[in-house]
Amino acid sequence: MADDGTILIGKSGKPENLLLKLANRHGLVTGATGTGKTVTLQVMAEGFARNGVPVFAADIKGDLSGIVAPGDGKPAFVNRAKELGLKYEPEQFTTVFWDVFGEQGHPVRATISEMGPLLLSRLLDLNDTAEGVLNIAFRIADEQKLLLLDLKDLRAILTFIAENASDLTTKYGNVSTATVGTIQRALLVLENQKGDLFFGEPALDINDLMKTDRDGRGIVNILAADKLMNNPRLYATFLLWLLSELFEQLPEVGDLDKPKLVFFFDEAHLLFNGAPKALLTAVEQVVRLIRSKGVGVYFVTQNPLDVPDTVLAQLGNRVQHALRAFTPRDQKAVRAAAETFRQNPKINTEQAIMQLGVGEALVSMLEGKGSPEMVERALIAPPMAQVGPCTPQERQQAIDSSPEKGKYDTMVDRESAYEVLMKRKGLNADGSAVEASADGGGGILDTIGGWLGGGAPQQRPKTGPGSRGGPLPQSMAEKIITSAARSAATSIGRQVGTAILRGILGSMSGRR
């Protein structure tokens, strides 16, 4: 555990160390269910945090949450520490819990505009025609300075497009009301799965994932993903969105002595299953380039074949737990996994993969010059924090003492596309009629004419925090308003103007 710029992963005939200065070259942890992938993930997370590197990891089964509590000295781990020549010393790590549904951690939100049409199309499983209409909706919102923050904003602009399809077709291309209906139905399905909780404000500030505690150790951010996995497409889209936000917002820093953040993507096959070619190309580009932003990405999945070859080639640090080969397809997978390593003449890699016991793995880390070491059969180091889920009381204590407490916990609903479009119809947000203004207003027909002629109606001044949540205690309100203001600046920066380009994964490039 020496402070020498390395993380001890395990031991073969020699220590198997991950070099912090090469940790931004990404990695892969693979193996069948029950072979120890989660323990390896925890060992790596603890090592990064111990060295002052913040960590973000999805917790699929709840097992990783135990990192918030000190280890309980299980005999298996104590004995393993002795075998490796280590002293077992229980530790706990400062942990911030997050949850898209806001039940087991701080809510995580993004705005519709931040998500962008490409990722939304992936989330809604839209065909090419529907994706085209969704792009038109975003284009109109950009041109008319309509903020797309939550699902009702997107519904409102889609409804507007359907109601005025014949007037908009000339400028934007053919728009079918049936296609709009298809998108609306997909939004309804997402809403029924509680996916609407993800869209809104305050939106997540990625800087809150990149903090250290008072002792200079990296904070471990745990996403509660057990319920999120009931909607695998939302899970994959959310993590992909987060990766794209990191890519777009962080500055170029080149190679650092240690990463600014390490991102663990568990159940990584969900990202690639059924993904269109354009999205796979975008993911490959992000993975390849994000290392220069000081971010390391580690995919965790059952088999290396779950990851496309173009992405697999970017993953330098690798840990392979056991695979079982009962069918010809399984045997092919084992053979493919063995071929991804730099071969060691002393090891039959293919046979070793099938013979590994729990706590053992084949390890190949990048060496000093950035080339992979020959594969070695190693005993994985034991975690020093608790292995397995933390108690509800421990989780709640971490949430109550979190530096993010109060910042994201109450949703803010300010004036955005829904409210603006309702006003243009002469209605309030609740559907009641708006009193006529002194200037009379041109109404919806004038609005359409202005759009097609290139003009843009003036948007009303933004309001403060809206009706969802009522009065707030002053201290909490200040946090929420500050966060909402930052989110507002982001949304405006991403949407104002008629020539804003969208980033690699569909969100705007306004944040740099």
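Values for this structure:
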quantity: Residue-by-residue Karplus 3J(HN,Hα) for the range 142-157, coefficients 6.51, -1.76, 1.60, Hz, glycine and proline x; calculated: 4, 5, 9, 6, 9, 6, 9, 10, 10, 5, 5, 5, 5, 4, 5, 6
quantity: Label-to-label distance, nm, for residues given as Asn79 and Arg324 (7 Å Cα→Cβ offset); calculated: 2.3 nm
quantity: Relative contact order, percent, the range 282-406 [alpha-carbon distance under 8 Å, six or more residues apart]; calculated: 20 percent
quantity: Cα pair distances exceeding 17 angstrom across the range 12-135, given as percent; calculated: 71 percent
quantity: Pairwise centroid distance, computed over Cα atoms, of the range 346-410 with the range 85-146, Å; calculated: 25 Å
quantity: Where trypsin sites (Lys or Arg not before Pro) fall in DSSP loop in the range 15-97, at most 12 other Cβ within 10 Å; calculated: Lys87
quantity: Built amide H within the under 5 Å cut-off of Val253, gap 5+; calculated: Lys293, Gly294
quantity: Kirkwood-type radius of the range 244-314, with distances r between different C-alpha atoms, in Å; calculated: 12.8 Å
quantity: Cβ-Cβ FRET estimate between Ser292 and Glu435, R0 fixed at 60 Å, reported to 0.05; calculated: 0.60
quantity: Average accessible area per residue (Å²) across the range 133-291 - probe 1.4 Å, nucleic acids and ligands excluded; calculated: 37 Å²
quantity: Nitroxide proxy distance, nm - points 7 Å out along Cα→Cβ at Lys369 and His269; calculated: 3.7 nm
quantity: Full-extension gain in nm, Thr159 to Asp255, via 0.36 nm per residue minus C-alpha separation; calculated: 29.8 nm
quantity: The range 1-46: relative contact order as a whole-number percent, Cα under 8 Å and 6+ apart; calculated: 28 percent
quantity: The range 1-49 and the range 252-275: distance between their alpha carbon centers, rounded to Å; calculated: 15 Å
quantity: Set of the range 261-303 residues, backbone N closer than 20 Å to the point 7 Å along the Cα-Cβ line of Asp226; calculated: 265-268
quantity: Spatial extent of the range 318-426: Rg and Dmax, with the Cα atoms as the point set, Å; calculated: 25.3, 78
quantity: Those GluC sites (Glu not before Pro) in the range 190-267 that DSSP places in a loop and that have at most 10 other beta carbons within 10 Å; calculated: Glu252
quantity: Relative contact order for the range 1-128, counting Cα pairs under 8 Å that sit 6 or more residues apart, in percent; calculated: 13 percent
quantity: Alpha-carbon Rg with Dmax, taken over the range 206-339, Å; calculated: 16.2, 53
quantity: Per-residue HN-Hα couplings for the range 105-111 [Karplus 6.51, -1.76, 1.60; θ = phi - 60°; Hz; x = Gly/Pro]; calculated: x, 5, x, 10, 10, 9, 8
quantity: Per-residue HN-Hα couplings for the range 262-272 [Karplus 6.51, -1.76, 1.60; θ = phi - 60°; Hz; x = Gly/Pro]; calculated: 10, 10, 9, 10, 6, 6, 5, 4, 5, 5, 9
quantity: Alpha-carbon gyration tensor eigenvalues x 5, square-rooted, for the range 219-260, Å; calculated: 27, 14, 7
quantity: Set Lys11/Lys74; Lys61/Lys260; Lys171/Lys293; Lys82/Lys405; Lys194/Lys293 screened for pairs whose C-alpha atoms are more than 28 Å apart; calculated: Lys171/Lys293; Lys82/Lys405; Lys194/Lys293
quantity: D_trans [Stokes-Einstein, Kirkwood Rh over alpha-carbon pairs] for the range 168-253, 10 °C, 1.306 mPa s, µm² s⁻¹; calculated: 97 µm²/s
quantity: Computed label-point distance, nm, for sites Asn348 and Val189 using a 7 Å Cα→Cβ extension; calculated: 4.8 nm
quantity: Under 5 Å, built H, 5+ apart or other chain: amide partners of Ala58; calculated: Leu223, Phe264, Asp266
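The values are calculated or read from the model by the stated rules, or taken from the named source; none is laboratory data. The structure displayed is predicted, hence computed values, not measured ones. No Cβ is skipped: glycine too gets one built from the backbone with ideal geometry, and neighbour counts run over all protein chains shown. Side chains included, ligands, DNA and RNA excluded: accessible areas come from the protein's heavy atoms. Shrake-Rupley method; radii C 1.70, N 1.55, O 1.52, S 1.80 Å.
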